[in-house]
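Engineer: Sharing a structure with you now.
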Amino acid sequence: MNEQQRVHIAMLNSYNLVMENATIDDILDSSIPIFAHVPNENITIDAIEFMIYYFKSHEMFEYCAKLKDFIIENFNDDGTLKDNSCKCELPDIDGYNNKIKCIKCNKIIKV
C-alpha cells in the first residue's frame, strides 16, 4: 500500500468514526487501523475542515456535505464545541452506541 492509499484510508476511517458509521473498536480491529485525527480526543473544527478539503479535492461531495452539517450541529461560530449534553432531569435511553443519547431531547448524555 502506498502513502496516498494510506492517507485515503485514514480519512475514510476518521470520517466513519465522526459520522458514527463505525466505532473506534471496529476500526482498530480492521486490517488498516489508521486515522486522520487523534481518535480518542474530541475532534477539532480544523480536523473536520481538513477532511472537507481532502474530500472536496477528490470530488467526494456527499462526504463534504455531511461534514459541513456536522460542523453546524456540533460547533459554535467561533469554532468551539457546542454543549450538546442532555439537560433532562430523567433522560431516556433507547440503545447504546458510541455516544449515548437521550430520546427525549436527542442530546448526548455525559457521564
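Engineer: Here is a list: 9, 52, 27. Which entry is farther than 27 Å from residue 109 by Cβ, touching a residue at least 12 places away in the same chain (Cβ under 8 Å) and touching a Leu at 6+ places or on another chain (Cβ under 7 Å)?
Structural biologist: The unique qualifying residue is 52.
Engineer: Now a separate question. In a loop (DSSP other than H, G, I, E, B), among the basic types (Lys, Arg) and surrounded by fewer than 16 Cβ atoms within 10 Å (Cβ to Cβ): does that describe residue 104?
Structural biologist: In short, yes.
Engineer: If you don't mind, another one. Determine if region 63-75 includes at least one residue that is touching a residue at least 12 places away in the same chain (Cβ under 8 Å), outside the structural domain of residue 108 (by TED's automatic domain parsing) and loosely packed, with under 13 Cβ neighbours inside 10 Å.
Structural biologist: no
Engineer: Which helices (runs of 4 or more DSSP H) does region 1-90 wholly contain that include 1 or more residues that are in contact with a Ser or Thr (Cβ under 8 Å, 6 or more places away or on another chain)?
Structural biologist: 3-18, 45-57
The values are calculated or read from the model by the stated rules, or taken from the named source; none is laboratory data. Please read all numbers here as calculations on a predicted model, not as lab measurements. No Cβ is skipped: glycine too gets one built from the backbone with ideal geometry, and neighbour counts run over all protein chains shown.
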